[in-house]
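No value in this document is a laboratory result; all are computed from the given coordinates. Keep in mind that what you see is a predicted model, and the values were worked out from it rather than measured. With ideal geometry, Cβ positions are generated from the backbone for all residues, glycine too; neighbour counts draw on all protein chains shown.
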Amino acid sequence: MTNPISEGRTIDLSRRKVLLTGIAAAGFVAMPSVMKPAFAATGMGAYRVAFRNAHTMESFSGVYRVGNRYLPEAFESIDTILRDYRCGSTHPMDPRLMDLVYWLHYQTGQARPFDVISGYRSPQTNALLRQTSGGVARHSLHMEGKAVDIRLPGFSTAQLGRMARSMKAGGVGIYGKSDFVHIDTGKVRTW
C-alpha cells in the first residue's frame, strides 16, 4: 500500500469525509473570533499540533497541514517521533489521526503539548504487550499508524476522554489506571 504523504500528494478532504470523521470544519472556519490564539489557523488555513514522546522526550510542534494539503516534511518528523521506541521501527502515521489530535487539543484550550505514550507499534511489540499487559488488541490500529495513546498534564483521563468521545470520530478508549486516552481513526466506538 502506498503512503500518500511520502508521495507528496494532496489528500482529499471533501466535506463528506470531514463530516464523517466528526470534525466540524465549517464551524471552525466560520467562528475564528472565538478560537484560542494557540490554535487559530495560521495564514492560509494552517493546522498545527504539539506533542512529546514520553519515552524518548523528542517533540514535535508545528504545522502539519495547510488547507487540504498535508505536509510531507512534517510527517517525516511526526513518523520518527511516534516510532516504536522499543525497536526503532517507523511507520507512516495516518494524517487523519493528526487531525483528531489537532481537534482534541483545540478543545482543551491548552498550548501545552500532549504526552504520547504510544504511537506506532511494530507487530512484535504489539505481541509482546499482549502477553504482558491487558487491553492490547491483537490487530491494534497502532500497528497501522492509525492510533495514539496520549495524556495532557492538568487534565484527567476522564476529562480528556469525554472531549475525545464528543468528536464522534474513530475509537476512544479511556485507561484511567494507566493515565492515558487512546484515540484512533477506526470505526466510531468507545471503551
Cα-projected label distance for T190 with R162, points at 7 Å along beta-carbon direction, nm: 1.1
Fewest-first sequence of V116, V148 by Cβ atoms within 10 Å of each Cβ: V116, V148
H182, H55 arranged by Cβ crowding within 10 Å, fewest neighbours leading: H55, H182
Separation of the K177 and Q107 label points, Cα + 7 Å toward Cβ, nm: 2.5
Under 5 Å, built H, 5+ apart or other chain: amide partners of V136: none
In order through the stretch 158-163: 3J(HN,Hα) via Karplus (6.51 cos²θ - 1.76 cosθ + 1.60), integer Hz, x for Gly, Pro: 5, 4, 5, x, 4, 5
Aspartates and glutamates with Cα under 12 Å of K168, excluding same-chain neighbours fewer than 8 positions away: D184
Amide H contacts of R65 (H built 1.01 Å from N, under 5 Å, at least 5 apart or other chain): Y47, L71
Whole-Hz ³J(HN,Hα) from phi, Karplus 6.51 cos²θ - 1.76 cosθ + 1.60, for the stretch 83-95, glycine and proline x: 5, 6, 5, 5, 10, x, 6, 10, 7, x, 7, 5, x
Extension gain (nm, one decimal) between S133 and V66, 0.36 nm per residue minus Cα-Cα: 20.2 nm
